[in-house]
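Accompanying notes for the structure given below.
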Ligand SMILES: Cc1cc2nc3c(=O)[nH]c(=O)nc-3n(C[C@H](O)[C@H](O)[C@H](O)COP(=O)(O)OP(=O)(O)OC[C@H]3O[C@@H](n4cnc5c(N)ncnc54)[C@H](O)[C@@H]3O)c2cc1C
């Protein structure tokens, strides 16, 4: 491991003072960053521990919640307000990692965790994300876990977080503070598609600190998070679906939110399916048609074509379950 200096920040100002430099990284629970440092993929000269910064969950005036970036995944999933008003968030967190990792992992770190593409972690492999311009061995390699939507010739990696899929469906916003001041980022704009610059994964700039996630007032309707994976626990999503469905007494869809995990370089908001479903009678045919439309542009690689059918079926099954509960 490359030698580094460790600071522990007490507040935002202290974090920015030491963390704004190009070779500095903020340290949450370290469950991803320390692994990357051990593998030599990240080589920061300065680590700024921000686990003591922004550790509260607060109600806001609009009926939503403001979640500090330093809140642990366990604290977020077990918060009574989250469990009752945003069960989708609690379920997504509990579907991920292990209890020990969730105890360490923070909200800020979860949002910025790096992909689990095996070629990204393998220094002997070509990876445009790790070494821009070096190529992408995943495209012609073993690519069962890779992206089917929004990928590019430069990168087919997927986004790994479960929490982020729920936050995408809930239209969360993220506050960051940096040397140039504070700004709010809509969740849809936080993570980026790879294009020709897969090394740029988010719109957070070097030196900016995530301080909070804002959840708007809970949407009307029933919600679910379903994660399909190779093992029942301790595995990343092959496909996951976060959904909120509001069906009227006339069985017509009043509102729907859908986000997909495991399929793209960022949490994939299924806006095409949502648009098809609003105002439609909530039945199997509508769910299947919307799911098919969302996956219409999917581009499979050698080993991951199964994800297309898996995603279609998981979307339809989750909507069916939610519509059934609403009846
Ligand atoms: C074995 C294993 C299994 C896992 N399984 C899953 C899973 O199934 N689902 C899932 O969603 N996740 C899973 N994870 C990933 C885990 O959720 C993440 O590692 C964790 O959420 C990262 O949080 P952290 O606080 O430890 O981040 P760190 O490792 O400390 O940091 C991650 C990144 O975020 C940056 N960062 C941290 N805090 C801030 C901040 N406030 N502002 C700006 N930048 C910041 C760091 O600089 C770093 O780049 C797994 C991890 C492991 C090791």
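For the reader, a short list of remarks on this structure follows.
- Every listed requirement among (1) assigned to a loop (DSSP other than H, G, I, E, B); (2) free of Cβ contacts under 8 Å to residues at least 60 places away in the same chain; (3) surrounded by 18 or more Cβ atoms within 10 Å (Cβ to Cβ) is met by residue 52 save one, (3).
- Filtering 88, 76, 94 for residues that are in contact with a helix residue (DSSP H, G or I) (Cβ under 8 Å, 6 or more places away or on another chain), under 22 Å from residue 235 (Cβ atoms) and away from the ligand (no atom under 11 Å from the Cβ) leaves a single hit, 88.
- Matching residues, region 208-217, being part of a loop (DSSP other than H, G, I, E, B) and surrounded by 19 or more Cβ atoms within 10 Å (Cβ to Cβ): 208
- Flag if residue 232 is surrounded by fewer than 18 Cβ atoms within 10 Å (Cβ to Cβ) and without any contact (Cβ under 8 Å) to a residue 60 or more places away in the chain: yes
- Count of region 60-70 residues, restricted to those that are part of a loop (DSSP other than H, G, I, E, B), surrounded by 15 or more Cβ atoms within 10 Å (Cβ to Cβ) and more than 10 Å from the ligand (Cβ to nearest atom), is 1.
- Some residue of region 253-263 being part of a loop (DSSP other than H, G, I, E, B) and surrounded by fewer than 15 Cβ atoms within 10 Å (Cβ to Cβ): no
- Of all residues in region 18-37, those that are modelled with pLDDT under 95 and not in a loop (DSSP other than H, G, I, E, B) total 2.
- Counting only helices (runs of 4 or more DSSP H) wholly contained in region 271-327, the ones carrying 3 or more residues that are at pLDDT below 95 and surrounded by fewer than 21 Cβ atoms within 10 Å (Cβ to Cβ) occupy 306-326.
- Residue count for region 1-15, restricted to those that are out of contact with any strand residue (DSSP E or B) (no Cβ under 6 Å at 6 or more places or on another chain) and more than 18 Å from residue 56 (Cβ to Cβ): 3
- Residue within region 219-232 that is in contact with a helix residue (DSSP H, G or I) (Cβ under 7 Å, 6 or more places away or on another chain) and within 30 Å of residue 17 (Cβ to Cβ) present: no
The values are calculated or read from the model by the stated rules, or taken from the named source; none is laboratory data. Bear in mind the structure is a predicted one, so any value in this text is a computation, not a measurement. Glycine gets a Cβ as well: all are built from the backbone with ideal geometry, and neighbour counts include every protein chain shown.
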